[in-house]
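The values are calculated or read from the model by the stated rules, or taken from the named source; none is laboratory data. None of these values were measured; they are calculated from a predicted model. Note that each Cβ is placed from the backbone with ideal geometry, even for glycine, and that neighbours are counted across all protein chains shown. We work out accessible area using only protein heavy atoms, side chains counted, and drop any ligands, DNA or RNA first. Shrake-Rupley method; radii C 1.70, N 1.55, O 1.52, S 1.80 Å.
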Amino acid sequence: MKESLSLHLLIAALLAAAPVGAADAGAGTAPYRDPARPAEERVADLLGRMTPAEKAAMLAGAGWMETQPNARLGIPSIRMADGPLGVRNWTGSSAVTMAARNPVTSTAFPAGIALAASWDVELAGEVGRTIAQEVKALGRDMILGPTVNINRVPLWGRNFEGYGEDPYLAARLAVAWVKAVQAEGVIPAVKHFAANNEDFERHRIDEAIDPRTLHEIYFPAFKAAIQEAGAWAVMSAYNKVNGRWCSQNPVLLTDTLHRRWGFQGFVISDWGSTYATAATINAGMNLEMPGGEPMRVWFARPESQQEGRGAGWLTADKVLAAVAAGEVRQAAVDDSVRRILRVMFAAGLFDAPARGGAVDTPAQRAVARRAATEGIVLLKNEGGLLPLGGPGVRSIAVIGPSAAVARTGGGGSSFVNAAYAVTALDGIREAAGPQVAVRSALGTAMPGEDPEHENPAAVAALRQEAVALAGAADAAIVVVGNSRALESEGFDRPSMDLPANQDDLIAAVAAANPRTIVVVIAGAPVTMTRWIDRVPAVVCAWYGGQEAGHAIGDVLFGRANPSGKAPVTFPARYADATAYGNYPGTDLHVTYAEGIYVGYRGFERRGVQPLFPFGHGLSYTTFQYSELTVEPARVAPGGAARVGLTVRNAGARAGAEVVQLYLHQVAPSVDRPPKELKGFARVELAPGESRRVTLTVDPAAMSFFDPRRDDWVAEPGTFEVLVGGSSADIRLREQFELGR
């Protein structure tokens, strides 16, 4: 008892020794204040001036999205904001911000899955840069994004936030996004590390994942963001990996992030994802969020306890107590503070960073519109029904629960409150022009949005109205999909199926009008088997942000030539999905038994035909591939192969093709997928234009992760280069040898 009391008194004395509000008269001339000095020198100088209590205070937030400032030393607070699809409120949880009377408004950009469907690395950078500019305009310093978790299962509620199922594609987009954000002096948080691939019991679920699968599938986007883009911050995930919460998992944080990848930034917790003091600090977690009174109020809510959240473990008193008890070394606390300060200096937060500017400008809206347009995937177009227009189309019926309602994004912390949003109906009307009569009908209600239209009689009446409208029109467009109440952070979808009555609506409209186009607005694949053979054209528009309606109209009427390619495999049915049978788990444990065979890798290995393959996407023109070369024919160890080919636009419209390079090792000593994406290039071509495309297959592309060596291995042997328009549309093949 005496020992405990003495420890308590010591901690109280440390906390009172140097209050953060007491100004230091000498701080103004200190070396850390000099912008001309190297950042590491400034960090070391400032760290040496801090008391143990001041250091401990920096490991927990001061508010919902603010870190602890220090007035004595002039350490500012890092002011954060969600999220990966644009800037949203920072005053509280999603429930609080969505109910706010005066929410922060900003440009709502397309979901990450839509950006991934563009396969446009330059565009990813433009989106990141524009979001960062709005972060600064709103007076914030840090944006909680991008989300780079792999789409393992079609039912994950946050699939729309990420960049699809392939680690190489996700990595290329992540690098571009992070570089652009940091170039603006804004701190991104690459999230959620690691393997946050389901929201079912996300605070409790324990995932069993073998090392090879982690390194080949779930780590690459994070690794690239750190080693290639120099990411300043990484956010840990809620879930457990191999028995330990991510926030206190030394294999993830210390061994992988810090030692293996050389990460120099700081690790921030997801909100409410910490469950211990010493284990969290010792594992390599640096900053716990949220903090202060907002954390205490939020954590005391019954919902927080029910969901299994953890918070309040890195408060200054608990950190000091852990150090005093010998459970945490002071050096570990210093390392956390050093990492946070390093990022603050890199972002210029000590040097009067430029803040202010405009939000939702015409230029910013143009970036959002371009991203929405490039992300649209034309899945099917029998008979060349699309693009619409010409003398044969003078009347159009636009039908469906997502026609006259703008579905800008999925639900949760990434949802952005836009000042305006263009509906599909408005975008179609604008693109159709005055010469085409556009009429609309609800057709069926989105579940939970219109209860009076959800009873059987109302459902039948709405469908009858839609069928009559479709039957009298030259063409029908049915706009279906999910809503942010049905596809969201915090829970997973119960099935791949479209919400109630939408399948029946499509079938009924298609029976009334053979020229029926289905537009799907959703963040992940949906079941289409009940009607896919009855309609000639299907467009996947994802969640396209505030400009989605314009993008949809432009593509349907040929103002824009679709160039999107599916960043995920579309299963014909959920039972075909590669993680089927190993989700959501049993007794809060889930085994990633499919291993590295996620998405198209698994479909090809099992010989299962998807509805639409990974990388698939049609155009209003045609592209020809020819003259594939691979040099040298024999690659020296540690060397690279140069792949060249010619792409020609053989049609009458300008368009963009995404050339995809897959690699296959012919006779490996370990099990390797039939093909893996290792390169791509988006090529814009005028009618009749040809261009030479050059891609590089480097040693990393040839390598697999060998758990026995705990390292990547590029094994000598024969490699096959496969080039085409999708994982299933391989046009050209060639081989090279990797020497010993």
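Would you point out the residue of the stretch 631-643, among those that are out of contact with any Lys or Arg (no Cβ under 7 Å at 6 or more places or on another chain) and in a strand (DSSP E or B), that is most open to solvent (accessible area, probe 1.4 Å)?
Start the filter on the stretch 631-643 by keeping residues that are out of contact with any Lys or Arg (no Cβ under 7 Å at 6 or more places or on another chain), which leaves 632-636, 638-643.
Next, from what is left, pick out any that are in a strand (DSSP E or B): 634-635, 641-643.
Details: R634: 154, V635: 2, A641: 0, R642: 125, V643: 1 Å².
The selected residue is R634.
For every residue, the table says whether it meets (1) open to solvent by less than 40 Å² (accessible area, probe 1.4 Å); (2) among the aromatic types (F, W, Y); (3) more than 13 Å from M344 (Cα to Cα); (4) out of contact with any Cys (no Cβ under 6 Å at 6 or more places or on another chain).
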position: R33; (1), (2), (3), (4): no, no, no, yes
position: P52; (1), (2), (3), (4): no, no, yes, yes
position: K55; (1), (2), (3), (4): yes, no, yes, yes
position: G61; (1), (2), (3), (4): yes, no, yes, yes
position: A71; (1), (2), (3), (4): no, no, yes, yes
position: P76; (1), (2), (3), (4): yes, no, no, yes
position: M80; (1), (2), (3), (4): yes, no, no, yes
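Are any residues in the stretch 208-226 open to solvent by less than 10 Å² (accessible area, probe 1.4 Å) and either more than 18 Å from the chain's Cα centre (by Cα) or among the charged types (D, E, K, R) (or both), and if so, which ones?
Those that are open to solvent by less than 10 Å² (accessible area, probe 1.4 Å) and either more than 18 Å from the chain's Cα centre (by Cα) or among the charged types (D, E, K, R) (or both): I209, T213.
Please note which helices (runs of 4 or more DSSP H) are completely contained in the stretch 284-327 and include at least 2 residues that are β-branched (V, I, T), over 22 Å from I205 (Cα atoms) and open to solvent by less than 50 Å² (accessible area, probe 1.4 Å).
Details: elements: 292-299, 302-307, 316-324.
Passing ranges, in order: 316-324.
Quick one: count up the residues across the stretch 376-418 that are β-branched (V, I, T), part of a loop (DSSP other than H, G, I, E, B) and crowded, with 20+ Cβ neighbours inside 10 Å. Reasoning before the result, please.
Taking the stretch 376-418 first, the residues β-branched (V, I, T) are 376-377, 393, 396, 398-399, 405, 408, 416.
Restricting the remaining residues to those that are part of a loop (DSSP other than H, G, I, E, B) gives 376, 393, 405, 408, 416.
Checking the rest, the ones that are also crowded, with 20+ Cβ neighbours inside 10 Å come to 376, 408, 416.
Matching residues across the stretch 376-418 total 3.
Within the stretch 536-550, can one find any residue that is surrounded by fewer than 24 Cβ atoms within 10 Å (Cβ to Cβ) and in contact (Cβ under 8 Å) with a residue 12 or more places away in the chain?
Going through the stretch 536-550, the residues surrounded by fewer than 24 Cβ atoms within 10 Å (Cβ to Cβ) turn out to be 536.
Those still in the list that are in contact (Cβ under 8 Å) with a residue 12 or more places away in the chain too: 536.
Yes, the stretch 536-550 contains a residue that is surrounded by fewer than 24 Cβ atoms within 10 Å (Cβ to Cβ) and in contact (Cβ under 8 Å) with a residue 12 or more places away in the chain.
Here are the criteria: (1) in a helix (DSSP H, G or I); (2) of a type in the set (A, V, I, L, M, F, W, C); (3) open to solvent by less than 40 Å² (accessible area, probe 1.4 Å). Tell me which single one A229 does not satisfy.
The one condition A229 does not meet is (1).
Looking only at the stretch 263-291, which residues are touching a strand residue (DSSP E or B) at 6+ places or on another chain (Cβ under 9 Å) and among the aliphatic types (A, V, I, L, M)?
Of everything in the stretch 263-291, those that are touching a strand residue (DSSP E or B) at 6+ places or on another chain (Cβ under 9 Å) and among the aliphatic types (A, V, I, L, M) turn out to be V267, I268, A276, A279, A283, M285, L287, M289.
Pick from the stretch 610-630 the residues that are assigned to a strand (DSSP E or B) and under 30 Å from the mean Cα position of the chain (by Cα): which of them is nearest to P154 (Cα to Cα)?
Let us first name the residues in the stretch 610-630 that are assigned to a strand (DSSP E or B), namely 612, 618, 623-630.
Cutting the leftovers down to under 30 Å from the mean Cα position of the chain (by Cα) gives us 612, 618, 623.
Values: F612: 14, L618: 22, F623: 30 Å.
Applying the filter and picking the extreme gives F612.
Consider E122 carefully, then state whether it is over 25 Å from I78 (Cα atoms), crowded, with 21+ Cβ neighbours inside 10 Å, in contact (Cβ under 8 Å) with a residue 24 or more places away in the chain and among the acidic types (D, E).
Details: over 25 Å from I78 (Cα atoms): yes; crowded, with 21+ Cβ neighbours inside 10 Å: no; in contact (Cβ under 8 Å) with a residue 24 or more places away in the chain: yes; among the acidic types (D, E): yes.
So E122 does not fit the description; no.
Identify, from the list S269, S273, the residue that is touching a residue at least 60 places away in the same chain (Cβ under 8 Å), among the hydroxyl-bearing types (S, T, Y), under 30 Å from A224 (Cβ atoms) and in contact with a helix residue (DSSP H, G or I) (Cβ under 7 Å, 6 or more places away or on another chain).
Details: S269 fails: touching a residue at least 60 places away in the same chain (Cβ under 8 Å).
Result: S273 is the single residue among S269, S273 that is touching a residue at least 60 places away in the same chain (Cβ under 8 Å), among the hydroxyl-bearing types (S, T, Y), under 30 Å from A224 (Cβ atoms) and in contact with a helix residue (DSSP H, G or I) (Cβ under 7 Å, 6 or more places away or on another chain).
Working carefully through the options S626, S619, find the one that is in contact (Cβ under 8 Å) with a residue 60 or more places away in the chain, open to solvent by 20 Å² or more (accessible area, probe 1.4 Å) and in contact with a Gly (Cβ under 6 Å, 6 or more places away or on another chain).
On the way: S626 fails: in contact with a Gly (Cβ under 6 Å, 6 or more places away or on another chain).
Sole residue among the options that is in contact (Cβ under 8 Å) with a residue 60 or more places away in the chain, open to solvent by 20 Å² or more (accessible area, probe 1.4 Å) and in contact with a Gly (Cβ under 6 Å, 6 or more places away or on another chain): S619.
Return yes or no: is A476 among the hydrophobic types (A, V, I, L, M, F, W, C), open to solvent by 20 Å² or more (accessible area, probe 1.4 Å) and either at pLDDT below 95 or within 22 Å of P562 (Cβ to Cβ) (or both)?
Details: among the hydrophobic types (A, V, I, L, M, F, W, C): yes; open to solvent by 20 Å² or more (accessible area, probe 1.4 Å): no; either at pLDDT below 95 or within 22 Å of P562 (Cβ to Cβ) (or both): yes.
In short, no.
Quick one: which of V479, V519, V568 is assigned to a loop (DSSP other than H, G, I, E, B) and either hydrophobic (A, V, I, L, M, F, W, C) or over 21 Å from I376 (Cα atoms) (or both)? Let's see the steps before the verdict.
Working: V479 fails: assigned to a loop (DSSP other than H, G, I, E, B); V519 fails: assigned to a loop (DSSP other than H, G, I, E, B).
Checking each option against the conditions leaves just V568.
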